[in-house]
Amino acid sequence: APSPAPAGAPAPEHLFRPISAEDEEQQPTEIESLCMNCYRNGTTRLLLTKIPFFREIIVSSFSCEHCGWNNTEIQSAGRIQDQGVRYTLTVRAQEDMNREVVKTDSATTRIPELDFEIPAFSQKGALTTVEGLISRAISGLEQDQPARRANEEAVAKRIDEFIVKLKELKQVASPFTLIIDDPSGNSFVENPHAPQKDHALVVTHYNRTPQQEEMLGLQAEPPPEEKPEEEDLRNEVLQFNTNCPECNAPAQTNMKLVQIPHFKEVIIMATNCENCGHRTNEVKSGGAVEPLGTKITFHITDPLDLTRDVLKSETCSVEIPELEFELGMAVLGGKFTTLEGLLKDIQELVTKNPFTLGDSSNPGQMEKLQEFSRKLDQILQGDMKAHFIMNDPAGNSYFQNVYAPEDDPHMKVEHYERTFAQNEDLGLNDMKTEDYETGLAPQR
């Protein structure tokens, strides 16, 4: 069985009760606290009460018996509401001046007829009336008037004239509008006709702006129509498990997305086997097949030309006319290296082939390959000029232009229409991308 509540402990629903003169149990709590005027001890009284048709509030009142200073304010006992609230009251009669008003710290008070505004957080929260709000504004303006009359007489005179206009409002000689705008939703203006509708009072609830959320210390949520930012993979190296192509031992392949200046994105993949030490690297184009093929012709005239970056895709063939050499499509795979690195890979491909330079090779063919290797060495050492041609029907190969964005005088780039045979090699003849959904519609 549940244990009984301690004797004399108030139930939570009895903490906040409507103010009533007949409720003898509802008494304010008195706390001794420091007076900020004379720095002696005064008394703070706290009263937890409930406003009909509104919510719970805490009314606090401080008074100092030594210097006579006193202060009254209210705080909302509830949470910040889901929406802000705006009360627009048209004051037409003296009865409207007696309406109860709860104004929190975050509320802005405006009287459009006088172009008058009390900004948010410039006053403490208060439980008062419409007349009390105007009287409080008058007291705040009159507080520094003696100093203004001594230093800024013209400003003090304009404020005196404005105070007269505020005092005239209290007489309700003509109707005026009082607007209380509270982003926290915890302010309140009494409806004396409740639960019937009050035709003089308009209550509007609204969604807070990001600036208002920040002002209240809340973290603003992103608008629902905003899409989450896509993950940027350019600064990350992705890893996935694979097997070594030489010893079949478990290994890891690293993959990175790289943006080549004045070209496009490529995917670099590298595998390093810790078991046998085998290393491979491969480059894949990050884009689609281009509408036109690309032919790049570069004239090697200086040893510095060998340091240029080269992206050779799997669909690219290489020619060196001076050596009567041609490297077919898919040989050496995709590579992102320098011109020197690509020429050394070509030389290694020829010299380490046992069928061309081994014991079973043809002597005449061996002499031609040795001559080819010797001339290639001259190109690598800068002793021989040559033309380097890259022909890529897919348009996904690249040769660095050190003069970019200007044209390179030693490099010629041509774009051409692919032949039927080239499209067949790329598998484009059987690929249908236009209106493919229309053709599938009858089958659905």
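Within the stretch 96-108, the presence of a residue that is at pLDDT below 70, over 17 Å from Asp181 (Cα atoms) and open to solvent by 70 Å² or more (accessible area, probe 1.4 Å) is excluded.
Taking strands (runs of 3 or more DSSP E) as the structural unit, those lying wholly within the stretch 265-320 and holding at least 2 residues that are at pLDDT 90 or above correspond to 293-300, 317-320.
Conditions (1) among the acidic types (Asp, Glu); (2) at pLDDT 90 or above; (3) in contact with a helix residue (DSSP H, G or I) (Cβ under 9 Å, 6 or more places away or on another chain), marked per residue:
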| residue | (1), (2), (3) |
| --- | --- |
| Pro6 | no, no, no |
| Arg17 | no, no, no |
| Glu22 | yes, no, no |
| Ile51 | no, no, no |
| Ser63 | no, yes, no |
| Val85 | no, yes, no |
| Thr88 | no, yes, no |
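Examine the stretch 169-189 for a residue that is at pLDDT 90 or above, part of a helix (DSSP H, G or I) and either open to solvent by 30 Å² or more (accessible area, probe 1.4 Å) or not polar (S, T, N, Q) (or both), and state whether such a residue exists. Yes, because at least one residue in the stretch 169-189 is at pLDDT 90 or above, part of a helix (DSSP H, G or I) and either open to solvent by 30 Å² or more (accessible area, probe 1.4 Å) or not polar (S, T, N, Q) (or both). Contact annotation: residue pairs with Cβ atoms under 8 Å, 6 or more positions apart or on different chains, pairing a residue in the stretch 96-120 that is without any contact (Cβ under 8 Å) to a residue 12 or more places away in the chain with a partner that is open to solvent by 10 Å² or more (accessible area, probe 1.4 Å) and β-branched (Val, Ile, Thr), are Glu117/Thr108; Pro119/Thr108.
Yes or no: the stretch 141-161 includes at least one residue that is under 20 Å from Asn70 (Cα atoms) and in a helix (DSSP H, G or I).
Looking through the stretch 141-161, at least one residue is under 20 Å from Asn70 (Cα atoms) and in a helix (DSSP H, G or I).
Any residue that is in a loop (DSSP other than H, G, I, E, B), under 30 Å from Gln83 (Cβ atoms) and in contact with an Asp or Glu (Cβ under 9 Å, 6 or more places away or on another chain) - is there at least one of those in the stretch 106-119? Looking for residues that are in a loop (DSSP other than H, G, I, E, B), under 30 Å from Gln83 (Cβ atoms) and in contact with an Asp or Glu (Cβ under 9 Å, 6 or more places away or on another chain), one finds at least one in the stretch 106-119, hence yes. Candidates are the residues of the stretch 248-264 that are at pLDDT 85 or above and open to solvent by less than 50 Å² (accessible area, probe 1.4 Å); the one that is farthest from Ser397 (Cα to Cα) is Ala249.
The values are calculated or read from the model by the stated rules, or taken from the named source; none is laboratory data. What you are looking at is a predicted structure, and each value in this text was computed from that prediction instead of being measured. Note that each Cβ is placed from the backbone with ideal geometry, even for glycine, and that neighbours are counted across all protein chains shown. Accessible surface areas use protein heavy atoms only, side chains included; no ligands, DNA or RNA. Shrake-Rupley method; radii C 1.70, N 1.55, O 1.52, S 1.80 Å.
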